[in-house]
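The values are calculated or read from the model by the stated rules, or taken from the named source; none is laboratory data. Nothing here was measured: the structure is a model prediction, and the numbers come from that model. Positions of Cβ are backbone-derived with ideal geometry, glycine not excepted, and every protein chain shown enters the neighbour counts.
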């Protein structure tokens with residue numbers, strides 16, 4: 001009985017000792033060390049892919065499409081009927097290149113072709129300087145990317161990728 005009374009008597013001290021008296025300090029640490037990142041959702045990836053596929057169908061092309069999140073992880077990847085298997089990996093790498101550089105792969109290709117100081121970018125293992133990769137923007141931040149391959153020429157791949165927008169929600173392929 002004495003032990004029980006003693007335990008009851010010291011419980012307030014034990015629980016109070018676990019409270020941090022300086023909550024502002026903890027909040028400051030969290031603010032300095034934790035950052036939220038906006039990302040595309042699977043629903044957005046489906047809709048973006050659907051819009052790109054509609055554009056591809058308009059010009060009678062079957063393509064591979066890759067949608068990546070802001071960290072470079074694949075959200076959705078598809079290969080159209082009859083599209084060469086190499087195009088699926090090309091679409092992923094185009095999307096990765098656009099995401100990591102925050103630049104259209106067509107624009108990056110043009111810059112690399114015109115500037116000997118950066119024309120070796122294509123030697124980096126994951127970068128692919130071919131048209132069809134675009135960053136996806138939301139409120140001035142890159143939230144993902146799209147890569148399109150198999151459209152028959154660079155202009156088609158770029159045109160199809162540019163169709164992947166959800167204007168009404170502010171999700172676009174241009175800044």
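Would you check if there is a residue in region 77-89 being at pLDDT 95 or above, in a helix (DSSP H, G or I) and either buried (at least 18 other Cβ atoms within 10 Å of the Cβ) or on the phi > 0 side of the Ramachandran plot (or both)? Yes, the conditions are met somewhere in region 77-89. A single entry from 175, 94 fulfils the requirement of being exposed (fewer than 15 other Cβ atoms within 10 Å of the Cβ) and touching a residue at least 24 places away in the same chain (Cβ under 8 Å): 175. Residues of region 33-57 that are more than 17 Å from residue 135 (Cβ to Cβ) and in contact with a helix residue (DSSP H, G or I) (Cβ under 6 Å, 6 or more places away or on another chain): 55, 56. With the structure loaded, tell me whether residue 94 is at pLDDT 70 or above, closer than 29 Å to residue 141 by Cβ, in contact with a strand residue (DSSP E or B) (Cβ under 7 Å, 6 or more places away or on another chain) and part of a helix (DSSP H, G or I) or whether it fails that test. Against the criterion (at pLDDT 70 or above, closer than 29 Å to residue 141 by Cβ, in contact with a strand residue (DSSP E or B) (Cβ under 7 Å, 6 or more places away or on another chain) and part of a helix (DSSP H, G or I)), residue 94 qualifies.
Restricting region 130-145 to residues that are more than 8 Å from the chain's Cα centre (by Cα) and surrounded by 24 or more Cβ atoms within 10 Å (Cβ to Cβ), the residue that is nearest to residue 109 (Cα to Cα) is 131.
When restricted to residues that are part of a helix (DSSP H, G or I) and either in contact (Cβ under 8 Å) with a residue 40 or more places away in the chain or not assigned by TED's automatic domain parsing to the domain that holds residue 56 (or both), region 110-145 contains 0.
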